[in-house]
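**Q** Please see the structure below; I have some questions.
The values are calculated or read from the model by the stated rules, or taken from the named source; none is laboratory data. Model, not experiment: these values are computed from the prediction. As a convention, Cβ positions derive from the backbone with ideal geometry for all residues, glycine included, and neighbour counts pool all protein chains shown. Heavy atoms of the whole protein, side chains included, go into the accessibility calculation; ligands, DNA and RNA do not. Shrake-Rupley method; radii C 1.70, N 1.55, O 1.52, S 1.80 Å.
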Amino acid sequence: MIGSMPQSTPLADEIMDRLSRAYEAARDPDRAAPMAAYMRDQFRFLGIPGPAQKALTREVLAGLGRPTEPDLAAVARACWRLPEREYKYFACGLLRRHARGCGPGFIDTARHLVVTHSWWDTVDALAAHLVGPLVGQHPELVAVTDTWLTDSDRWLVRTAILHQLTCKEATDPGRLFRYCTVQAHHPDFFVRKAIGWALREYAKTDPAAVRTFVGTHQSRLATLSAREALKNVG
């Protein structure tokens, strides 16, 4: 649980020290402005492009041991407290790398990150590459995503819908279709888009099932959701 985990650990401190020094050295104000504009100027950026972030991540983590759950939680919270968006991207990448080794209690950390400084760039990464693996490893967490599905926070709703995004044949289609049906009338663009995206991805595995679902629920689904769902299957 978030509250029971230490605020920091020796490994987390080492990672954050290396990360802050590496990122500050790579700061590029000229790149930062358009990156912030792309995110509607909601967040600050250092101006470090994606390929450079990946290279710096390798440098930062070189020679360090495998992080524990407290290490991961401490690094993620530290990155979320910093204003520049690249720190959150680093945390998302680190969590993706180690998600399958985390226990079910780590879902509390995931929730904290989803609802804090939220936008699609971090939420989608957390949904597909942290929450999804956690639920896959610990099926009892379906009860948590069931709760998130009807939460008042649109980002928790989006996370619930997208958490099986990369599951392919391991997708639980009943859960996917149920989630899409429950929120078919949701007024928020990001939720309607998530429904279409989740269905479109599953259509790569079972196009007939998605085509049937959309056909059966055409009157309930938003036009955006239905169009996105059938984009590649007709």
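**Q** Please pick out the residue among LEU11, LEU46 that is in contact with a Pro (Cβ under 7 Å, 6 or more places away or on another chain) and either open to solvent by less than 40 Å² (accessible area, probe 1.4 Å) or under 18 Å from LEU126 (Cβ atoms) (or both). Working first, answer last.
**A** On the way: LEU46 fails: in contact with a Pro (Cβ under 7 Å, 6 or more places away or on another chain).
Within the list LEU11, LEU46, the selection yields LEU11.
**Q** Does GLU69 count as touching a residue at least 60 places away in the same chain (Cβ under 8 Å) and of a type in the set (Asp, Glu)? Step through it out loud before you land on a result.
**A** Working: touching a residue at least 60 places away in the same chain (Cβ under 8 Å): yes; of a type in the set (Asp, Glu): yes.
So GLU69 passes the test.
**Q** Can you find a residue in the stretch 143-153 that is on the phi < 0 side of the Ramachandran plot, surrounded by fewer than 21 Cβ atoms within 10 Å (Cβ to Cβ), touching a residue at least 24 places away in the same chain (Cβ under 8 Å) and among the charged types (D, E, K, R)?
**A** Yes; the residues of the stretch 143-153 include at least one that is on the phi < 0 side of the Ramachandran plot, surrounded by fewer than 21 Cβ atoms within 10 Å (Cβ to Cβ), touching a residue at least 24 places away in the same chain (Cβ under 8 Å) and among the charged types (D, E, K, R).
**Q** Here's a follow-up. Those residues that are assigned to a helix (DSSP H, G or I) and surrounded by 13 or more Cβ atoms within 10 Å (Cβ to Cβ), I need them from the stretch 34-43; list them, please. Walk me through how you get there before you give the answer.
**A** Kept after step one, since they are assigned to a helix (DSSP H, G or I), are these residues of the stretch 34-43: 34-38.
Matches in the stretch 34-43: MET35, ALA36.
**Q** Confirm whether VAL114 is touching an Asp or Glu at 6+ places or on another chain (Cβ under 9 Å) and either under 24 Å from HIS185 (Cβ atoms) or assigned to a loop (DSSP other than H, G, I, E, B) (or both).
**A** Here the answer is yes, as VAL114 does meet what is asked.
**Q** When the residues of the stretch 49-91 are narrowed to those that are open to solvent by less than 20 Å² (accessible area, probe 1.4 Å) and farther than 16 Å from ALA12 by Cα, which ends up farthest from the chain's Cα centre (by Cα)?
**A** Among them, the one singled out is GLU84.
**Q** Oh, and also: Which pairs have Cβ atoms under 6 Å, sit 6 or more apart or on different chains, and link a residue in the stretch 168-179 that is among the aliphatic types (A, V, I, L, M) to one that is not in a helix (DSSP H, G or I)?
**A** Listed by first residue and then by second, the contacts come to LEU176/GLN164.
Yes/no matrix, rows are residues, columns are (1) open to solvent by less than 50 Å² (accessible area, probe 1.4 Å); (2) in contact with a Lys or Arg (Cβ under 7 Å, 6 or more places away or on another chain); (3) modelled with pLDDT of 95 or more:
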position: CYS180; (1), (2), (3): yes, no, yes
position: GLN183; (1), (2), (3): yes, no, yes
position: PHE190; (1), (2), (3): yes, yes, yes
position: LYS193; (1), (2), (3): no, no, yes
position: THR212; (1), (2), (3): no, no, yes
position: LEU221; (1), (2), (3): yes, no, yes
position: ALA226; (1), (2), (3): yes, no, yes
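**Q** Which residue pairs have Cβ atoms under 8 Å apart, sit 6 or more places apart or on different chains, and have a first residue in the stretch 207-227 that is farther than 15 Å from LEU176 by Cα and without any contact (Cβ under 8 Å) to a residue 24 or more places away in the chain and a second that is open to solvent by less than 30 Å² (accessible area, probe 1.4 Å) and not in a loop (DSSP other than H, G, I, E, B)?
**A** Close Cβ pairs satisfying both conditions: GLN218/ALA226.
**Q** Is it the case that the stretch 8-16 has a residue that's modelled with pLDDT under 95 and aliphatic (A, V, I, L, M)? Lay out the reasoning, then the answer.
**A** Step one: of the stretch 8-16, the residues modelled with pLDDT under 95 are 8.
Adding the requirement that they be aliphatic (A, V, I, L, M) leaves none.
No, every residue in the stretch 8-16 fails to be modelled with pLDDT under 95 and aliphatic (A, V, I, L, M).
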